[in-house]
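Colleague: Quick one: structure below, then a few questions.
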Amino acid sequence: MNKISAVYLAFLIWVSIQPVLAQDTLYLNNGSVLIGKIKNMDLGTVSFDIKNAGVVTIELEKIKTFHIESKLIKVETMFKQSMVGYVHSHPDTGMVWMVTYTDSIALFLSTIVSAVPFDKSLWTGINTTVGGGYSYTRSSDVGRLNFDGKVNYTLQKLAASFTASFIVTQEKGRFIRDRENINLLGNYFYTNMWFNQLSINYQRNIQLGLVRRLQQGVLLGNRFFSNKHMQAKFLSGIAVNQEVNTEGNSSGALSEIPVALTYNFYRYEKPKFILSVSEVAYFGVNQNGRIRQDGDFKLTWKFWDDLSINMSIYHNYDSRPPSAGKSNLDYGVVFSVGYEF
């Protein structure tokens with residue numbers, strides 16, 4: 001009986017210390033120590049869920065070292081290394097130990113491009129950003145509302161994102177849906193550099209005579225450049241569109257070859273900002289030489305914790321707009337205030 005009681009007591013002790021063992025630790029340069037669980041590391045910041053306090057975002061340059069053992073973690077470096085294991089603290093400032101199944105490697109924090117923990121939980125790796133703005137001119141009774149949002153979901157070899165943006169004009173009591181974009185992307189990574197992308201896109205652009213475009217695409221991508229402050233990707237493949245113009249006419253299935261380039265630059269020394277550039281050209285396969293181009297230039301200034309001010313410059317070009325007589329070019333500038341959680 002005493003033996004059974006001892007085993008039972010040992011089991012209770014083991015269960016009670018599991019939450020402690022499962023905690024992650026951040027050691028900051030100012031001497032602070034944060035206990036909790038890491039959510040992700042990307043674009044020079046660490047998203048960290050502090051125990052009994054909530055989620056904070058901390059610049060990587062403010063971290064002395066950290067210890068991650070609550071989950072397995074996938075780490076990618078600017079040297080195109082990809083490793084899975086646990087991260088242990090290092091006695092030297094700005095370094096960590098990456099402990100894999102077969103080796104233990106010392107890494108400089110400045111060389112880590114991304115770090116994503118993963119397990120069986122559906123909610124692991126989710127990161128969300130929302131923003132919006134509104135302007136109004138009383139003399140003309142014209143107002144303009146814009147909204148944008150993004151949700152990222154990352155696992156060991158899979159990554160998905162959902163983005164949406166809307167521009168609505170209020171004119172003399174009427175609301176006009178000028179421009180809408182909704183994108184659902186899924187990436188599967190073969191290596192640290194190569195990945196496949198499946199995409200489903202919805203677009204609306206009244207300026208170009210487009211009421212609705214639904215696009216499905218399969219692309220092959222390459223992250224051909226990354227370092228402490230920059231990342232760049234190139235993608236191409238095949239896409240199929242179905243369009244409806246402002247006259248209500250449907251195009252049927254239209255095939256295109258997309259060629260895309262994305263670039264991110266991030267800096268967390270003052271002033272703190274993130275620059276994102278996306279340019280995609282579409283070459284028509286069965287549309288008599290039709291060429292389209294979608295571009296977006298977005299500058300985000302993080303002025304206080306997870307709050308930011310955003311400026312976006314977009315442009316859309318279509319050599320053969322869906323509706324005859326419509327402009328083949330649309331562009332604009334959008335300002336918004338955003339919050340990340």
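Colleague: Suppose the filter is assigned to a strand (DSSP E or B), at pLDDT below 90 and assigned by TED's automatic domain parsing to the domain that holds Thr154; does Phe224 pass it?
Modeller: Working: assigned to a strand (DSSP E or B): yes; at pLDDT below 90: yes; assigned by TED's automatic domain parsing to the domain that holds Thr154: yes.
Answer is yes for this residue.
Colleague: Mind listing whichever residues of the range 167-209 are small (Gly, Ala, Ser) and within 17 Å of the chain's Cα centre (by Cα)?
Modeller: Taking the range 167-209 and keeping what is small (Gly, Ala, Ser), we get 173, 186, 199, 209.
Result: Gly186, Ser199.
Colleague: Now for a separate question. Filter the range 283-325 for residues that are farther than 22 Å from Gln215 by Cβ and either in contact (Cβ under 8 Å) with a residue 40 or more places away in the chain or assigned to a loop (DSSP other than H, G, I, E, B) (or both) and give the result. It would help to see each step written out before you state the result.
Modeller: Start the filter on the range 283-325 by keeping residues that are farther than 22 Å from Gln215 by Cβ, which leaves 299-311, 313, 325.
Across the range 283-325, the qualifying residues are Asp305, Asp306, Ser308, Asn310, Gly325.
Colleague: Between a residue in the range 136-150 that is at negative phi and among the β-branched types (Val, Ile, Thr) and any residue that is at pLDDT 70 or above and in a strand (DSSP E or B), which pairs come within a Cβ distance under 6 Å, given they are 6 or more apart or on different chains?
Modeller: From the range 136-150, the pairs are Val142/Glu171.
Colleague: Can Ser327 be described as of a type in the set (S, T, N, Q), closer than 29 Å to Gly131 by Cβ and either in contact with a helix residue (DSSP H, G or I) (Cβ under 7 Å, 6 or more places away or on another chain) or at pLDDT 95 or above (or both)? Explain how you work it out, then say what you get.
Modeller: Values: of a type in the set (S, T, N, Q): yes; closer than 29 Å to Gly131 by Cβ: yes; either in contact with a helix residue (DSSP H, G or I) (Cβ under 7 Å, 6 or more places away or on another chain) or at pLDDT 95 or above (or both): yes.
The answer is yes for Ser327.
Colleague: Residue pairs, Cβ under 9 Å, 6 or more apart or interchain, first in the range 252-267 and assigned by TED's automatic domain parsing to the domain that holds Ser114, second assigned to a strand (DSSP E or B). List them.
Modeller: Qualifying pairs under 9 Å: none.
Colleague: Take the residues in the range 136-165 that are part of a strand (DSSP E or B) and over 18 Å from the mean Cα position of the chain (by Cα); name whichever of them is modelled with the lowest pLDDT.
Modeller: So the first thing to find is which residues in the range 136-165 are part of a strand (DSSP E or B), and the list is 136-137, 142-154, 158-165.
Still in the running and over 18 Å from the mean Cα position of the chain (by Cα): 136-137, 142-146.
On the way: Tyr136: 61, Thr137: 57, Val142: 69, Gly143: 77, Arg144: 81, Leu145: 86, Asn146: 87.
The residue in question is Thr137.
Colleague: Then there's this: Which one of these is surrounded by 15 or more Cβ atoms within 10 Å (Cβ to Cβ) and farther than 30 Å from Gly94 by Cβ: Asn241, Asn288, Asn264? Spell out the reasoning first.
Modeller: Details: Asn288 fails: surrounded by 15 or more Cβ atoms within 10 Å (Cβ to Cβ); Asn264 fails: farther than 30 Å from Gly94 by Cβ.
Result of the check over Asn241, Asn288, Asn264: Asn241.
Colleague: Still on this structure, I have one more. What's the number of the condition Glu247 fails, among (1) surrounded by 19 or more Cβ atoms within 10 Å (Cβ to Cβ); (2) part of a loop (DSSP other than H, G, I, E, B)?
Modeller: (1)
Colleague: Restricting the search to the range 74-85, which residues are surrounded by fewer than 17 Cβ atoms within 10 Å (Cβ to Cβ) and of a type outside the set (D, E, K, R)? Even if it seems obvious, please write down each step before you answer.
Modeller: Going through the range 74-85, the residues surrounded by fewer than 17 Cβ atoms within 10 Å (Cβ to Cβ) turn out to be 79-82, 84.
Hits for the range 74-85 are Phe79, Gln81, Ser82, Val84.
The values are calculated or read from the model by the stated rules, or taken from the named source; none is laboratory data. Small disclaimer: the values here were computed from a predicted structure and weren't measured. Positions of Cβ are backbone-derived with ideal geometry, glycine not excepted, and every protein chain shown enters the neighbour counts.
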